Amino acid sequence: MLETSADSPVPVRVISEAIGDYLSRLGAVWIEGELSEVTVRPGAQMVFMRLRDTSADMSISIMAHKSVVEAVQPLPQNARVVMHSKVSWYAKNGSLSFSVKEIRQVGVGELLARLEELKNQLAKEGLFDADRKIELPFLPRAVGVICGRNSDAEKDVVENAKRRFPGVRFEIREVAVQGAAAVVEVSAALRELEAHPEVDVIIITRGGGSFEDLLPFSDESLIRLAASCATPIVSAIGHEKDSPLLDLVADWRASTPTDAGKRVVPDMNEELVKIKQLTERASRKIHNMIDFEISRIDQLLDRPVMREPSTMVENRREQLRILLTRSWRSTDHAIALGREEINSLMAAVRALSPQATLDRGYAVVHDQAGAIVRSATDLATGDHLKLLLASGSAPVIVE
């Protein structure tokens, strides 16, 4: 480690050489990426290229001997390759490059195997589950569209959506939809539309293409980003037979860009027909209700009591008369029963009353204290007594 300070700095040369020493420890490495530039100078034995990352806006300079490149010819444009290379640092001008010893093109079979493995992994994590899907809005305030620059897919989406609903608004982001820059640009556009306050649905679309052309739409970083979005996403990549992983994570998979344009907005003419039908149905319902109530009123008016209102009064009067007669009869009967019961009670009271005994000639003797005298032995000569007779009383003196 270099020891430096403000008082004892080191020259640029020393720093550059230190960087070279550090990088030389890295040794040879295998790197995977996408060839974005291949420069072959006439008469030169070295081929200069740039290798781009497939998921990030990043690239590195590489150089290889012409024989190394010719060994894997032909290389298609934007070919995905694996390179065995060693980092080289040029201390004099401070530039970094990789010297390639071997190049291998990644075959379709290997890519398919990788995609299948990624698909299974994401499925286990639940990113494709139906309960994660968000329902598309009936009428979005604005439709976000991510598409290629001046592409037919964009025209198909916009034209078919406007045919169905002329007032639909679009937020269109034109980006690279194939090649090394596709994942980065599509991801940036998706984040921007996701943050847009009026975009209620996002369409990611492009036309058909080869398997390699559609690979960006199976990139893991893009798939995870789409899965994290709260705005519903419509995937319209390629045609019916094409099936990138974006189709599985999207909330709706459209078979074509045309299908996507039709799916995100309602058909205005159909909706107007529905509104007209509902209006007519509501009108019929209201008129039927009014007719029914008028019929009920006519039936009520046709009743005898409505034709002759006095009939109801007479009926009630006759009922009252009957009730009054019945109540008087019940009252008289109750009084008679009560009178008979009172007479019976009076007779019983008279039979048990001491007065009845006195009426037969008996008397009740009271001493001076008012107590009843029951025995002659309780009396003495000269006692003053009181005799209670049937009618009145009389004082007496015992001799």
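Overview of results
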quantity	calculated
Computed label-point distance, nm, for sites L118 and Q299 using a 7 Å Cα→Cβ extension	7.3 nm
At least 15 Å along the helix axis (C-alpha) and Kyte average at least -1.0, DSSP helices within the chain	12-24, 108-124, 182-195, 268-301, 309-352
Per-residue Cβ neighbour rank within 10 angstrom, fewest leading, T331, T357, T205, T231	T331, T357, T231, T205
Ranked list, fewest to most other Cβ atoms within 10 Å of each Cβ, for F128, F138	F138, F128
P(r) tail fraction, the stretch 1-107 - alpha-carbon pairs more than 15 Å apart, %	67 percent
Trypsin sites (Lys or Arg not before Pro) within the stretch 62-106, DSSP loop, no more than 13 other Cβ atoms inside 10 Å	K92
Low-density loop cleavage sites - GluC sites (Glu not before Pro) in the stretch 88-164, where at most 11 other Cβ are within 10 Å (DSSP)	E125, E135
Over the chain: helical MRE at 222 nm, DSSP H runs n ≥ 4 each giving -39500 (n - 2.57), nearest 500	-14000 deg cm²/dmol
Binned Cα-Cα distance frequencies in the chain - 10 Å width, integer %	4, 13, 13, 11, 9, 6, 4, 4, 4, 4, 4, 5, 6, 5, 4, 3, 1, 0, 0
Environment charge of Q368, counting only residues whose C-beta is closer than 14 Å and scoring Lys/Arg +1, Asp/Glu -1	-2
Fraction of antiparallel bridges per DSSP, the chain only, in percent to nearest 5	65 percent
Neighbour cut-off at most 12 other Cβ (10 Å), DSSP loop, trypsin sites (Lys or Arg not before Pro), the stretch 237-315	K241
Neighbour-count ranking [beta-carbon atoms within 10 angstrom, fewest first] of I62, I203, I31, I335	I335, I31, I62, I203
FRET efficiency, L345 to I372 (Cβ-Cβ, R0 25 Å, nearest 0.05)	0.40
Overall form of the stretch 220-373 per C-alpha gyration tensor (a/c, 1.5; a/b vs b/c)	oblate
Fluctuation leader among S85, S151, S16 - the chain, Gaussian network, Cα springs under 10 angstrom	S16
Residue among L387, I134, T54 farthest towards the positive dipole end of the chain, charges placed on Cβ	L387
Where labels lie 7 Å past Cα in the beta-carbon direction, separation of A390 and E174 in nm	14.3 nm
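Each reported figure results from applying straightforward, stated rules to the coordinates on display, with no laboratory input. For clarity, every value in this text was computed on a predicted model and none was experimentally measured. Every residue, glycine among them, receives a Cβ derived from its backbone with ideal geometry; neighbour counts consider all protein chains shown.
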